[in-house]
Amino acid sequence: MKDRVPIGPLTCLWIRSGGIPLWLVLILAFLALVAAVVFAFVSGCEREAEGARLAQERRSSSISAPSSAENQAKSGSSAHTRGPGLARLPQVQRTARPATKETSLWRVSAYCPCARCCGKFSDGITASGTRADHPLVAAPPEIPFGTWMQIPGYADGAWVQVEDRGGAIKGRKLDLLFTTHSDALEWGVKWVVVQRREP
């Protein structure tokens, strides 16, 4: 009779081995379970955050600006099939998209190497010394030569470089090179959201 466990309401039951109320054991077990669940959740969140950080670092390290040599047209490259004024300009080399530094609104006009557009500078050579025979941008003096820009509707959306200047190109104005005067007139003047990255 000495080993019998007292019988009564649940809150009054005792564990024979230690004399601990059963309700206290149940509460402690429940708290331990909650703590384990919380710990597993926090650990999972930390692992997920670390994985996202590493993935972002890998993406950032894999992005690089295309080189000028890659962006220049090759003599045997195919012509563009879309967009005014690009049918006779060499194909722009498709490269990894540079990391965007700034996105802003610009007034974008167009020109060609003819005398009506360039006057005494219609020799086919840009202000930076490159040949005006591929998609490029004329920008204000405060934007350095070699700056990468992406202008929707131009060069099939490829990144092109600032290689030219213009007397009227000041403030928030850009000028895009086209092959012929009629192609430049077809573009006209547009307000466009432009992405820009310094060289």
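Please treat every number below as a calculation from the coordinates, not as lab data. Keep in mind that this is a model prediction, so the values were computed, not measured. Positions of Cβ are generated from backbone atoms using ideal geometry, with glycine treated the same way; all protein chains shown enter the neighbour counts.
5 Å is the cut-off here: which amide hydrogens, built 1.01 Å from N in the peptide plane, fall below it relative to V108, excluding neighbours closer than 5 in sequence?
Correct list: L174, K190, W191, V192.
Based on other C-beta atoms within 10 Å, arrange D183, D133 from fewest to most.
So the ranking, lowest neighbour count to highest, is D133, D183.
Using θ = phi - 60° and the Karplus form 6.51 cos²θ - 1.76 cosθ + 1.60, what ³J(HN,Hα) does each residue of region 147-163 get, whole Hz, x for Gly and Pro?
Once rounded to whole Hz, the list reads 4, 8, 9, 10, 10, x, x, 10, 6, 6, x, 6, 6, 10, 10, 6, 10.
Between C45 and W191, what is the FRET efficiency for a Förster distance of 45 Å, r being their Cβ-Cβ separation, to the nearest 0.05? Don't skip to the answer; put the middle values down first.
On the way: r = 44 Å, r/R0 = 0.98.
With R0 = 45 Å, the Cβ-Cβ based efficiency is 0.55.
With each pseudo-label sitting 7 Å past Cα toward Cβ, what's the K173-K120 distance in nm, one decimal?
2.0 nm
Hey, can you grab everything whose amide H is under 5 Å from the amide H of I125? Only 5+ residues off in sequence or another chain; H modelled, so Pro and N-termini drop out.
Distant-sequence amide H within range of I125: A132.
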